[in-house]
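Undergrad: Sharing a structure below in structure tokens format, with a few things to ask.
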Amino acid sequence: MKRDEVEFNDKGVTFREKRLIGGTDNFVFYSDISGVEIDNGLFFATIRVIPRARPEIVLNNFTKGDARRVKELILQNVPSNRPDAFR
């Protein structure tokens, strides 16, 4: 089972969805993210990133703890959630 990947940088997040052959990379600016949801299964969690004006990005096979941490890190950088958003 391949686990999808998340890569953070100063401007946004790259989501790498793994497939048996190949996969897809999606880059989203933090300012374009309107929400992050987690669907918990029995053993693993699915992360749903909701960008503005684009289809949601679904990332699979994360541990529940990793999924919570990814959500936390993304939301820390989304301008509407940052404490310094209006400075």
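The values are calculated or read from the model by the stated rules, or taken from the named source; none is laboratory data. These numbers were taken from a predicted model, which means no experiment stands behind them. Cβ: placed from backbone, ideal geometry, glycine included. Neighbour counts: every protein chain shown.
Undergrad: Here's a check for you: in region 25-42, which residue that is free of Cβ contacts under 8 Å to residues at least 12 places away in the same chain and over 14 Å from the mean Cα position of the chain (by Cα) is surrounded by the most Cβ atoms within 10 Å (Cβ to Cβ)? Talk me through it step by step, then tell me what you get.
TA: The first filter runs over region 25-42 and keeps only residues free of Cβ contacts under 8 Å to residues at least 12 places away in the same chain, leaving 25, 39, 41-42.
The next check asks that each one be over 14 Å from the mean Cα position of the chain (by Cα); those that pass are 41-42.
On the way: Gly41: 10, Leu42: 4.
The selected residue is Gly41.
Undergrad: List every residue pair whose Cβ atoms sit under 7 Å apart, with the two residues 6 or more apart in sequence or on different chains, where the first one lies in region 51-77 and is assigned to a loop (DSSP other than H, G, I, E, B) and the second, anywhere, is of a type in the set (S, T, N, Q).
TA: Pairs found: Arg52/Ser34.
Undergrad: Looking at region 29-50, which of the residues that are acidic (Asp, Glu) and in a strand (DSSP E or B) is nearest to Leu73 (Cα to Cα)?
TA: Glu37
Undergrad: Got a number for residues in region 52-80 being surrounded by 15 or more Cβ atoms within 10 Å (Cβ to Cβ), of a type outside the set (A, V, I, L, M, F, W, C) and either out of contact with any helix residue (DSSP H, G or I) (no Cβ under 8 Å at 6 or more places or on another chain) or farther than 15 Å from Val6 by Cα (or both)?
TA: 5
Undergrad: Is there a residue in region 16-23 that is modelled with pLDDT of 95 or more, surrounded by 13 or more Cβ atoms within 10 Å (Cβ to Cβ), on the phi < 0 side of the Ramachandran plot and not in a loop (DSSP other than H, G, I, E, B)? Working first, answer last.
TA: The initial filter retains those residues of region 16-23 that are modelled with pLDDT of 95 or more, namely none.
No, region 16-23 contains no residue that is modelled with pLDDT of 95 or more, surrounded by 13 or more Cβ atoms within 10 Å (Cβ to Cβ), on the phi < 0 side of the Ramachandran plot and not in a loop (DSSP other than H, G, I, E, B).
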